[in-house]
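The values are calculated or read from the model by the stated rules, or taken from the named source; none is laboratory data. These numbers were taken from a predicted model, which means no experiment stands behind them. Reconstructed Cβ throughout: ideal geometry from the backbone, glycine too, with neighbour counts over all protein chains shown. Note: areas computed on protein heavy atoms with side chains; ligands, DNA, RNA excluded. Shrake-Rupley method; radii C 1.70, N 1.55, O 1.52, S 1.80 Å.
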Amino acid sequence: MENRIEKRIELKAPVSRVWRALTDHREFGQWFQVEIDAPFVAGQPSFGHFTVPGYEHLRWQVVIQKLEPEKLFSFSWHPYAIDPLQDYSAETPTLVEFRLQPTAGGTLLLVTESGFEKLPDARRAQAFRMNDSGWSTQLRNIETHVTRNP
């Protein structure tokens, strides 16, 4: 099984616009379907809750790792942590990275999630599969967001 998800999309928007969609917590929440309590700060946790129908009961909890303006935004989290009765805090989180590169037509956005090999065997395959398809959906969401909200 692979231990790394990598997705890429060329967005017809400048790097500055994509950066804002990624790092303004309100904009991120619009396309990611999560209501986030406060602005993102490197080295600090970020809290909120999902707004996806059927998943509103799930908490958003990540640790913002890096905010390198218009280049790299990253956070760590517990992937596919959807069982509200399970404590995931003892698991090693995965690392999600959003890398931006200017292109002639806008911005190349590369999303990588790594560290699945550190998850418990019982959850690893499902977490990988669900997040792999989830990132495909989220790339379509951010594409729609930056196109409709220039």
(request) Looking for whichever is modelled with pLDDT of 95 or more, open to solvent by 10 Å² or more (accessible area, probe 1.4 Å), of a type in the set (S, T, Y) and within 24 Å of R8 (Cα to Cα) here; the options are T92, T103. Which one fits? (result) T103
(request) Provide a single number: the residues in segment 21-38 that are surrounded by fewer than 13 Cβ atoms within 10 Å (Cβ to Cβ) and under 15 Å from the mean Cα position of the chain (by Cα). (result) 1
(message) Being without any contact (Cβ under 8 Å) to a residue 24 or more places away in the chain, surrounded by 15 or more Cβ atoms within 10 Å (Cβ to Cβ) and out of contact with any His (no Cβ under 6 Å at 6 or more places or on another chain) narrows it down to one residue among Q65, Q61, Q86; which is it?
(response) Q61
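Regarding R140, is this residue open to solvent by 50 Å² or more (accessible area, probe 1.4 Å), closer than 13 Å to R8 by Cα and in a helix (DSSP H, G or I)?
On the way: open to solvent by 50 Å² or more (accessible area, probe 1.4 Å): yes; closer than 13 Å to R8 by Cα: yes; in a helix (DSSP H, G or I): yes.
Answer is yes for this residue.
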(request) Could you pull out the residue among V41, V18, V52 that is part of a loop (DSSP other than H, G, I, E, B) and either open to solvent by 90 Å² or more (accessible area, probe 1.4 Å) or within 22 Å of T147 (Cβ to Cβ) (or both)? (result) V52
(request) For segment 46-101, name all the residues that are touching a strand residue (DSSP E or B) at 6+ places or on another chain (Cβ under 8 Å) and among the small types (G, A, S). (result) S46, G48, S74, S76
(request) Mind listing whichever residues of segment 21-38 are touching a strand residue (DSSP E or B) at 6+ places or on another chain (Cβ under 9 Å) and either modelled with pLDDT under 95 or in a loop (DSSP other than H, G, I, E, B) (or both)? (result) Q33, D37, A38
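Name every residue in segment 89-114 that is among the hydroxyl-bearing types (S, T, Y) and touching a residue at least 24 places away in the same chain (Cβ under 8 Å), in order of residue number. Working first, answer last.
Going residue by residue through segment 89-114, those that are among the hydroxyl-bearing types (S, T, Y) are 89, 92, 94, 103, 107, 112, 114.
Across segment 89-114, the qualifying residues are T92, T94, T103, T107, T112, S114.
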(request) Scan segment 115-132 residue by residue and report those that are open to solvent by 30 Å² or more (accessible area, probe 1.4 Å), in contact (Cβ under 8 Å) with a residue 60 or more places away in the chain and among the small types (G, A, S). (result) A125
